[in-house]
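K.L.:
Below is one structure. I have some questions about it.
The values are calculated or read from the model by the stated rules, or taken from the named source; none is laboratory data. These numbers were taken from a predicted model, which means no experiment stands behind them. Cβ coordinates were reconstructed from backbone atoms using ideal geometry, including for glycine residues, and neighbour counts include every protein chain displayed. Surface accessibility is based on the protein's heavy atoms, side chains included, excluding ligands, DNA and RNA. Shrake-Rupley method; radii C 1.70, N 1.55, O 1.52, S 1.80 Å.
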Amino acid sequence: MNGPTKTTISKTTKLFLTPKISHYQSLLKHYAATRSLTRTKQLHAHLTNSGLLSTRFLPALVAAYGQCGCVLNARKLFDELPQRGTVLYNYMIKMYVNNGNYFEAMKVFVEILQSKDCCPDNFTYPLVIKACSELVLVEYGRAVHGLTLVSKFGSHLFVLNSLLAMYMNCGEVEEAKRVFDAMKEKSVVSWNTIVNGFFKNGFANTALMIFNQMVDSGIETDGASVVSVLPACGYLKELEVGRRVHGLVEEKGLGKKIVSNALVDMYAKCGSMDEARLVFDDMVERDVVSWTSMINGYILNGDPRSALSLFKIMQIEGLRPNSVTIALILLACASLNNLKSGRCLHGWVIKQRIDSEVGVETSLIDMYAKCNCFGRSYSVFKRTSRKKTVPWNAMLSGCLRNDRATEAIGLFKQMLMEGVEINEATCNSLLPAYGIVADLQPVNNINSYLTRSGFVSNVQVATSLIDTYSKCGSLESAYKIFNAIPIEVKDIFVWSIIIAGYGMHGHGEIAVSLFKQMVQSGVKPNDVTFTSVLQSCSHAGLVDEGLYLFNFMLKDQQTNPNDDHYTCIVDLLGRVGRLDEAYSLIKTMPFMPSHAVWGALLGACVIHENVELGEVAAKWLFELEPDNTGNYVLLAKLYAAVGRWEDAENVRHRMDDMGLRKAPAHSLIEVRTV
DNA sequence: GAAAGAAGAT
């Protein structure tokens with residue numbers, strides 16, 4: 001082994017005795033890279049005390065403080081510098097961006113633009129564009145985009161990638177697509193950004209399509225690629241596609257924790273808890289997101305009990321739940337109507353001092369409201385800061401759930417007075433209250449508020465408003481709002497609501513014609529729309545139309561007729577006395593007819609005095625809902641109608657025997673007077 | 001010295 005030579009020893013000694021400027025600079029560089037704030041401060045003090053601090057060190061110090069996130073020191077030194085290069089400006093911008101102080105980052109950018117001797121470069125632009133993106137200042141972003149085009153960095157890959165992300169984050173999907181398509185050189189990051197961006201903007205199908213293009217064009221996918229596409233698979237419940245992505249993960253060895261978490265979430269959302277569990281059990285290291293995703297999966301798949309037990313295991317294994325976990329567990333408690341566990345958890349979050357996190361507060365309000373504890377719900381709400389919108393929304397929907405429509409409206413007025421921001425969810429929670437109160441004047445007021453504030457351009461809000469108007473009996477106003485929605489925005493829900501509105505008020509023809517318009521506009525009817533339109537036919541006695549639509553549904557094969565649909569048709573045929581046809585239809589049903597179907601038949605038999613079929617229907621009804629006095633009353637009415645008093649009396653005795661005396665007296669009196 | 005990436009409630 002060779003020891004240190006004489007020359008190296010003398011070099012080192014020299015360095016200790018007379019440290020060079022470059023030595024300090026490389027030390028500062030090292031501190032910046034390792035983010036050692038204490039050492040930076042120590043060296044800073046040393047340089048000051050020994051009188052060595054000259055402007056030559058300032059840039060390196062600014063960089064080190066900047067990297068360590070020590071904003072104040074960095075800014076002070078930066079301001080003292082007589083001359084600043086682009087590199088230093090970039091350090092400042094980066095520091096502010098890393099600290100989430102995007103406004104300050106933008107200010108420094110303006111300083112560069114105003115400075116005489118330096119210009120933004122390919123490092124400046126991505127940072128500034130990120131700041132615009134985080135602030136959702138798309139107009140500034142566009143201006144910066146313009147600046148890059150007149151600079152020489154307009155086609156720099158990193159600059160373009162950050163522009164993609166910015167446009168996507170600001171909802172400017174078209175613009176992002178334009179930039180992407182025009183890029184001569186694309187990296188895996190460009191593809192990932194665009195896939196993720198499409199998904200986040202509600203275009204899950206496009207996200208999947210572009211991911212496929214990416215794989216086909218031979219781009220080397222990385223962990224971020226799969227993490228970008230998996231949420232889209234989950235959202236679309238594309239289990240097969242998800243499995244293929246999983247295959248890709250195995251093949252390329254991308255199985256990091258974050259990827260496994262995304263896989264667990266995907267399988268859970270696709271309804272395959274077994275596969276989710278396999279990935280979860282296979283993980284070497286699980287974090288709170290892994291556990292929370294599994295818990296969420298059990299809840300989504302209708303198994304809140306497993307969610308609760310997994311939550312217990314999680315705590316035994318020493319993982320600390322966060323506000324997301326708490327929100328989910330409270331949801332599980334609410335769905336099980338398990339107030340005890342909910343209160344227990346409430347106690348726990350108080351002890352953990354996370355009870356004043358807005359997400360936790362909201363979930364507590366929601367849980368108590370769903371467990372019919374309106375008082376507790378309200379007392380949690382009263383203790384919130386009342387500045388954030390979400391707890392108010394939870395309280396509003398809690399009022400509705402507990403039959404307190406008037407209080408909900410009062411709460412909304414208070415929200416306006418206290419200057420709390422209103423969002424779409426507020427409107428959607430609130431509007432049903434006006435439908436219940438069913439007074440037109442307040443609805444007109446809220447309508448003008450929603451129009452002024454622009455919320456009505458949201459299709460969900462418009463749908464709620466249409467529903468509210470039709471519940472108040474003002475179809476004219478309902479139609480006005482419906483008509484103002486552009487045809488391409490009209491979705492299945494808004495069509496169903498307007499059809500139901502006309503149907504409810506006996507305008508069957510209009511309902512049917514709207515239904516036909518909907519099909520023509522390319523919106524595929526679902527079971528709810530069919531129910532609405534068939535009920536409309538039934539209310540208006542449109543037999544032929546109803547049968548035509550029912551056959552359309554059978555032929556179309558997109559929706560399978562459900563119990564409600566059969567009930568409508570039985571009702572429709574029954575009303576016009578086509579009782580045999582109704583009975584034959586019931587016999588062809590592919591599943592057990594419910595009490596509603598038999599009830600419709602019995603009702604029709606009473607009107608048309610058909611004892612034979614009435615008895616068949618009644619027999620089924622007594623079996624399906626033995627405690628429903630209404631059915632006995634109907635049968636007795638039928639007997640009475642045809643003069644079979646003895647049988648009518650027998651039905652009454654049968655009711656007595658079964659202890660169904662609770663029947664309202666007037667219905668029995670009615671039997672006698674028929 | 002730079003770009004993208006997972007869970008929840010209204």
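K.L.:
Among A:M214, A:S272, A:N301, whose Cα sits farthest toward the positive end of the charge dipole of chain A (+1 at Cβ of Lys/Arg, -1 at Cβ of Asp/Glu, about the Cα centre)?
P.N.:
My answer, from the dipole projection, is A:M214.
K.L.:
Right, next: Calculate, for A:K152 and A:D544, the FRET efficiency according to 1/(1 + (r/R0)^6) with r their C-beta to C-beta distance and R0 60 Å; round to the nearest 0.05. Present the calculation step by step, with values, prior to reporting the outcome.
P.N.:
Working: r = 73 Å, r/R0 = 1.21.
Once rounded, the FRET efficiency stands at 0.25.
K.L.:
Here's something else I'd like to know. Using a 7 Å offset from the Cα along the Cα-to-Cβ direction at both A:D403 and A:E139, what is the distance between the two label points in nm, to one decimal?
P.N.:
5.1 nm
K.L.:
By how many degrees, between 0 and 90 and to the nearest 10, does the Cα long axis of helix A:492-504 differ from the longest principal axis of chain A?
P.N.:
Long axis of A:492-504 versus the principal axis of chain A: about 30 degrees.
K.L.:
Please work out how much length the chain gains when fully extended from A:N483 to A:T588, using 0.36 nm per residue of separation minus the C-alpha to C-alpha distance, in nm with one decimal.
P.N.:
Length gained, A:N483 through A:T588: 33.8 nm.
K.L.:
Something else about it: For the pair A:D274/A:K252, report the inter-label distance in nm, with labels modelled 7 Å from Cα in the Cβ direction.
P.N.:
2.9 nm
K.L.:
Here is a further query. Can you give me the relative contact order of chain A as a percent, contacts being Cα pairs under 8 Å and 6 or more apart?
P.N.:
Values: 852 pairs, mean separation 24.1, N = 674.
Worked out over chain A, it gives 4 percent.
K.L.:
Also, quick follow-up: Could you compute the longest span of chain A free of GluC sites (Glu not before Pro) located in DSSP loops and having at most 16 other Cβ atoms within 10 Å, not counting the site residues?
P.N.:
Values: sites that count: A:E185, A:E220, A:E285, A:E317, A:E357, A:E418, A:E421, A:E488, A:E609.
Longest gap between qualifying sites, sites excluded: A:1-184.
K.L.:
Can you figure out the FRET efficiency of A:L113 with A:L81, using R₀ = 22 Å and their beta-carbon distance, to the nearest 0.05?
P.N.:
0.80
K.L.:
Just flag the trypsin sites (Lys or Arg not before Pro) in the range A:121-215 sitting in loop per DSSP whose Cβ has no more than 11 other Cβ atoms within 10 Å. Can you show the working numbers first?
P.N.:
On the way: sites: A:K130, A:R142, A:K152, A:K177, A:R178, A:K184, A:K186, A:K200; in loops: A:K152, A:K184, A:K186.
Here the trypsin sites (Lys or Arg not before Pro) that fit, given the DSSP loop and packing criteria, are A:K152, A:K184.
K.L.:
Further question: Let me know the Kirkwood hydrodynamic radius for the range A:433-504, please, with Cα pairs as the basis and the value in Å to one decimal. Mind showing how you got there, number by number?
P.N.:
Working: mean 1/r = 0.0841 Å⁻¹.
Mean inverse Cα-Cα distance, inverted, gives 11.9 Å.
K.L.:
Once R0 is set to 45 Å, what does the formula 1/(1 + (r/R0)^6) return for the Cβ-Cβ distance between A:D656 and A:S335, expressed as a FRET efficiency to the nearest 0.05? Write out the running numbers ahead of the final one.
P.N.:
Numbers: r = 40 Å, r/R0 = 0.89.
The computed FRET efficiency comes out at 0.65.
K.L.:
Where the centre of each part is set by its Cα atoms, how far does the range A:283-329 sit from the range A:584-648, in angstrom?
P.N.:
One Cα centre to the other: 49 Å.
K.L.:
With angles folded into 0 to 90 degrees, how steeply does helix A:323-335 sit against the dominant principal axis of chain A? Use alpha carbons for both and round to 10.
P.N.:
10 degrees
K.L.:
Where the Cα atoms of the range A:563-674 are projected onto their three principal axes, how long is each span, largest first, in whole Å?
P.N.:
Computed over the Cα atoms, the extents are 36, 25, 19 Å.
K.L.:
Could you pull out the trypsin sites (Lys or Arg not before Pro) across the range A:332-398 that fall in loop regions by DSSP (anything but H, G, I, E, B) with no more than 10 other Cβ atoms inside 10 Å? Display every interim value, and only then the final one.
P.N.:
Working: sites: A:K340, A:R343, A:K351, A:R353, A:K370, A:R376, A:K382, A:R383, A:R386, A:K387, A:K388; in loops: A:R353, A:R386, A:K387, A:K388.
For trypsin sites (Lys or Arg not before Pro) across the range A:332-398 that sit outside H, G, I, E and B with at most 10 neighbouring Cβ atoms in 10 Å, the list reads A:R353.
K.L.:
Can you show me the helix-derived [θ] at 222 nm for chain A, built from DSSP H runs with n ≥ 4 at -39,500 (n - 2.57) apiece and divided by the number of residues, rounded to the nearest 500. Walk me through the numbers before you get to the answer.
P.N.:
Values: 40 runs with 501 residues, N = 674.
Roughly -23500 deg cm²/dmol at 222 nm, from the helical runs in chain A.
K.L.:
Then there's this: Which of the trypsin sites (Lys or Arg not before Pro) found in the range A:602-650 are in a DSSP loop and have at most 13 neighbouring Cβ atoms, other than their own, within 10 Å?
P.N.:
Numbers: sites: A:K619, A:K637, A:R644; in loops: A:R644.
The qualifying sites: there are none.
K.L.:
Could I ask something else about it? Could you give me the radius of gyration and the Dmax of chain A, taking only the C-alpha atoms into account and expressing both in angstrom?
P.N.:
Rg, Dmax (Cα atoms, Å): 34.4, 128.
K.L.:
Another question, then. Which residues does the label zone of A:V576 cover in the range A:536-555, counting backbone N under 11 Å from a point 7 Å along Cα→Cβ?
P.N.:
Zone members listed by number: A:538, A:541-548.
K.L.:
I'd like the distance between the alpha-carbon centres of the range A:400-460 and the range A:81-122, rounded to an integer number of Å.
P.N.:
Each part reduced to its Cα centre gives a spacing of 46 Å.
K.L.:
With the full set of protein chains in place, find how many percent of the accessible area of chain A is carbon and sulfur; take the probe as 1.4 Å. The partial results should precede the final answer.
P.N.:
Working: 18490 of 34510 Å².
Carbon and sulfur atoms account for 54 percent of the accessible area of chain A.
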